[in-house]
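One structure below.
Since every read-out is calculated from the coordinates, none of them should be taken as a lab result. Here the structure is a predicted model, which is why all the values come from computation and not from measurement. Please note: Cβ atoms are built from the backbone with ideal geometry, for glycine as well, and neighbour counts cover all protein chains shown.
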Amino acid sequence: MRPLNIAVLDEELPFPLTSGKRIRTFNLLSRLAHRHRVTVLCHRNPNQLEALAAEEAFREQGIDTIVVDRAVPSKSGPGFYARLAGNLLSPLPYSVATHTSPALAAAVRQFADANDVDVWHCEWTPYAQVLRAALGDELADSRWTVMAHNVESLIWKRYLEAESNPVRRWYVKKQWQKFQRFEQWAYSAASLAIAVSPDDAKLMRDEFGATRTDVVDNGVDVGYFQPQHDVDRDPSRLLFLGSLDWRPNLDAVAILLDEIFPKVRAQMPTATLSLVGRRPPEWLKERAAITPGVRVFADVPDVRPFLATCGMLVVPLRIGGGSRLKILEALAMETPVISTRVGAEGLTLMPNRDLIVTETPSEMTDRILEAIRNPEELQETAERGRRRVLARYSWEPLADKLEHVWQSVARIPAAIPA
């Protein structure tokens with residue numbers, strides 16, 4: 001098939017590779033840009049140095065970029081709470097409304113007028129609203145996909161289940177209901193909705209009426225993440241890895257600090273906990289500074305040294321969706337993983353064979369202590385997990401799968417004019 005003209009809508013340029021979403025997007029687009037014309041339309045990265053590095057990285061991959069400026073709304077202070085209150089009057093969820101900038105919609109409209117786009121690809125579900133705002137009635141006759149890194153309404157449902165404050169529960173419930181309505185439109189209106197796991201694809205079909213879905217799993221660069229047998233692991237060193245500006249990860253960190261690590265440390269005084277990720281909030285840095293055995297490592301350029309030397313990756317998530325790239329990276333390096341069921345969902349890994357899966361903080365505490373005392377048994381799970389990751393989760397076949405999705409959407413017959 002001829003090379004396609006693909007227009008990708010996203011929040012920002014996904015570089016440097018400091019989050020799971022960025023890692024996935026960059027690895028897939030960089031591979032497919034050598035076969036198709038790919039243009040990314042997005043907002044400028046807030047950090048100026050990061051923005052310049054991102055644009056250079058995309059030029060090197062042969063990916064065109066159209067970047068517009070926007071004022072990033074603060075996530076604290078009176079203005080933030082005023083926007084939350086104002087959103088009660090909007091039919092859109094807060095995170096959709098705040099990402100639908102007129103500047104980006106105008107750039108999309110201008111690009112549509114000047115180019116024959118084969119497939120519009122919304123790289124994050126909220127950006128389906130940008131495409132709708134830009135194309136208007138033309139959207140119904142366009143070929144477009146929506147990439148659901150998570151089924152967002154599932155995350156908001158889990159926020160609701162975890163929230164105890166009555167006022168916050170009321171607000172979270174409103175956001176959950178808005179996301180249900182928005183995702184029902186996005187998944188059913190798109191030419192094809194893309195999930196990162198079979199579980200999410202089933203949810204799209206069963207709960208949102210999506211009739212056209214496909215799965216492109218998350219992956220890992222198996223050449224970059226390899227076992228480092230010349231480095232010794234410390235069985236008592238625990239590692240949490242993930243974006244520290246994402247609420248589900250912060251919830252998981254709070255569980256670690258409040259419920260799990262103090263009990264581990266009480267029985268194993270030499271145990272340590274490394275929290276590695278981008279943009280940690282001040283409260284977390286301050287708490288780690290006064291908590292024995294805990295350190296925060298912010299915005300590290302390479303996570304492999306942490307994965308190579310820790311005794312295990314711990315994933316105590318109770319809120320989340322999609323699937324965790326950090327688990328794939330860990331297992332690719334034969335790093336043992338102890339996770340909750342939510343943390344491990346979406347991956348075709350067998351519990352207690354490829355990784356340890358627990359149901360409660362108390363059970364996770366027990367399994368961590370067992371692993372510190374008997375590291376050889378846990379290491380065997382990581383070796384089996386690596387074999388599974390190599391067989392299914394390499395980026396190259398996953399890029400081929402996304403290419404197939406684009407080609408199938410491009411072949412959808414155009415609507416007959418009335």
Requested in this report: Can you check what the net charge comes to around residue 143, using other residues whose Cβ is under 13 Å from the Cβ of residue 143 (Lys, Arg +1; Asp, Glu -1)?
Outcome: -2
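Give, in nm to one decimal, the length gained when the segment between residue 211 and residue 392 is fully stretched (0.36 nm per residue of separation minus the Cα-Cα distance).
62.6 nm
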Query raised in the report: Can you list the residues, at least 5 places off or on another chain, whose amide H is less than 5 Å from the amide H of residue 294, using H built in the peptide plane?
Result: 273
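Classify region 267-328 as rounded, prolate or oblate from the Cα gyration tensor: take a ≥ b ≥ c as the square roots of its eigenvalues, call it rounded if a/c is under 1.5, otherwise prolate when a/b beats b/c and oblate if not.
Here region 267-328 falls in the rounded category.
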Query raised in the report: Let a ≥ b ≥ c be the square roots of the eigenvalues of the Cα gyration tensor of the chain; is it rounded (a/c under 1.5), or, if not, prolate (a/b larger than b/c) or oblate?
Result: prolate
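Could you tell me whether region 289-373 comes out rounded, prolate or oblate from its Cα gyration tensor? Rule is a ≥ b ≥ c as square roots of the eigenvalues, rounded for a/c under 1.5, then prolate if a/b exceeds b/c, otherwise oblate.
Details: a/c = 1.44, a/b = 1.19, b/c = 1.22.
Because its axes are fairly even, with a/c under 1.5, region 289-373 counts as rounded.
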Query raised in the report: Using a Förster distance of 22 Å, how high is the FRET efficiency between residue 52 and residue 282, based on the Cβ-Cβ distance and rounded to 0.05?
Result: 0.25
Query raised in the report: How high is the FRET efficiency from residue 139 to residue 89, r the C-beta distance, R0 25 Å, rounded to 0.05?
Result: 0.55
**Report entry** 5 angstrom amide H check on residue 68, placed H, neighbours 5+ away
**Finding:** 42, 43, 44
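At a threshold of 8 angstrom on Cα-Cα distance, excluding pairs fewer than six apart, so keeping six or more, what relative contact order does region 4-70 reach in percent?
39
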Report task. May I ask you to evaluate 6.51 cos²θ - 1.76 cosθ + 1.60, the Karplus curve with θ = phi - 60°, for each residue of region 39-45 and list the ³J(HN,Hα) values in order in whole Hz, giving x for glycine and proline? Result -> 10, 9, 10, 7, 7, 6, 4
Report task. Would you calculate, for the chain, the mean residue ellipticity at 222 nm contributed by helices, counting each DSSP H stretch of 4 or more residues as -39,500 (n - 2.57) and dividing by all residues, to the nearest 500? Result -> -14000 deg cm²/dmol
Query - Alpha carbon centroid spacing (whole Å) that separates region 206-250 from region 370-387 - result: 18
Query raised in the report: When only Cα pairs under 8 Å and 6 or more residues apart are kept, what is the percent relative contact order across region 234-392?
Result: 25
Report task. Could you go through region 243-257 in sequence order and give the Karplus-derived ³J(HN,Hα) for each residue, using 6.51 cos²θ - 1.76 cosθ + 1.60 with θ = phi - 60°, rounded to whole Hz, and x for Gly and Pro? Result -> 4, 8, 10, 10, 4, x, 5, 5, 4, 5, 4, 4, 5, 4, 6
**Report entry** Neighbourhood charge, 12 Å Cβ-Cβ cut-off, centred on residue 328 and excluding it, Lys, Arg +1 and Asp, Glu -1
**Finding:** +2
Requested in this report: Could you list, in their original order, any pairs among 173/202; 157/178; 21/326; 285/326 whose Cα atoms are separated by more than 19 Å?
Outcome: 173/202; 285/326
Query - Centre separation in Å (Cα based) which lies between region 282-339 and region 63-123 - result: 31
Report summary line: Computed over the chain, the relative contact order (Cα-Cα under 8 Å, seq sep at least six) in percent reads 16
**Report entry** Residues whose placed amide H lies under 5 Å from that of residue 149, excluding near-sequence neighbours
**Finding:** 125
Requested in this report: Can you give me the P(r) profile for region 234-392? Cα pairs, bins 5 angstrom wide beginning at 0, each as a whole percent.
Outcome: 2, 10, 21, 24, 23, 14, 5, 1, 0
**Report entry** J(HN,Hα) series, region 23-34, from Karplus relation 6.51 cos²θ - 1.76 cosθ + 1.60, nearest Hz, glycine and proline x
**Finding:** 4, 4, 4, 5, 5, 6, 5, 5, 6, 7, 5, 7
